[in-house]
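What follows is calculated from the coordinates using simple rules that are stated; it is not laboratory data. All figures in this text were calculated on a predicted structure; none of them were measured in a lab. All Cβ positions, even for glycine, are placed from backbone atoms using ideal geometry, and neighbour counts span all protein chains on display.
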Amino acid sequence: MTVIAPKLIRETFPVGPLQCNCTIIGDPITKKAIVVDPGGNPDLIIARLDAHGLKVVSIIHTHAHLDHFLASGQMKEKTGATLHLHKEDQFLWDNLEMQCQMFGVPYTPVPAPDRWLSDDEELACGCGVALHTPGHTPGSMSFWFSEAKLLIAGDTLFRRGVGRTDLWGGDQATIVRSIKQRLYTLDEDATVVTGHGPDTRLGDEMRENPFVRA
């Protein structure tokens, strides 16, 4: 899906063996962009950036499960963009090879993140803010673009679902708290970009999500 607004270019498409949603956020004025969760197919991601005339300056991650950063190293090598992650997910990033073995996915080394994301940090473009929303993993992040009413929720919130908490560092009570206190307090008209599958509307999840309601 491609959305072009006066202050934002947004395109989301599935990548990699586990079909993670990768999102490009671009500034139509400066032509700078961020890429969220490049879980595979780096040449496709770069082709989509080129199609919009955008230059990626940073690569940010909702969390460090393998399907959300498998192509991060290749993207960094090809574009020079910096890698960003919440520090509490460093243990997952550092154990990428183990994750690949567990899920039967070919292993490609990825360099260490260039810097750590922090809660309420302003993002490089799109007037976005990083929100720490742990639960799916300890360092899970969501990215909120208030002017565009756009929320990138990663694997924290799905259409009528929530992220699994049975993997490394996951916690059910924590993910429920993150959704209620950090996500359900945002504009209910916001479009939610999920980590896998279709977009949803935040207000619909607040009222109809069978796992967490406002």
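Return, for the Cα atoms of the range 92-146, the radius of gyration and Dmax in Å, separated by a comma.
Values for the range 92-146 (Cα only, Rg and Dmax): 14.1, 39 Å.
Just want the answer: with Cβ charges of +1 for Lys and Arg and -1 for Asp and Glu, which residue in Pro17, Pro138, Tyr184 is farthest toward the dipole's positive end in the chain?
So the residue furthest toward the plus end is Tyr184.
Once you have the Kirkwood Rh of the range 1-121 from its Cα pairs, apply Stokes-Einstein at 37 °C and 0.692 mPa s and quote D in µm²/s.
It comes out at roughly 228 µm²/s.
Kirkwood hydrodynamic radius, the range 2-208, all distinct C-alpha pairs: what's the number in Å?
So the Kirkwood estimate lands at 16.6 Å.
Could you work out how far the C-alpha centroid of the range 199-214 sits from that of the range 32-68, in angstrom?
27
In nanometres, what is the gap between the two model label sites at Thr185 and Val129, each 7 Å from Cα along Cα-to-Cβ?
0.9
If I take R0 = 35 Å and measure r between the Cβ atoms of Trp168 and Ile29 in this structure, what FRET efficiency does the formula 1/(1 + (r/R0)^6) give, to the nearest 0.05?
FRET efficiency, Trp168 to Ile29: 0.30.
How large is the charge dipole for the range 2-208, taken about the Cα centre, if only the Cβ atoms of Lys, Arg (+1) and Asp, Glu (-1) carry charge, to the nearest 20 debye?
320
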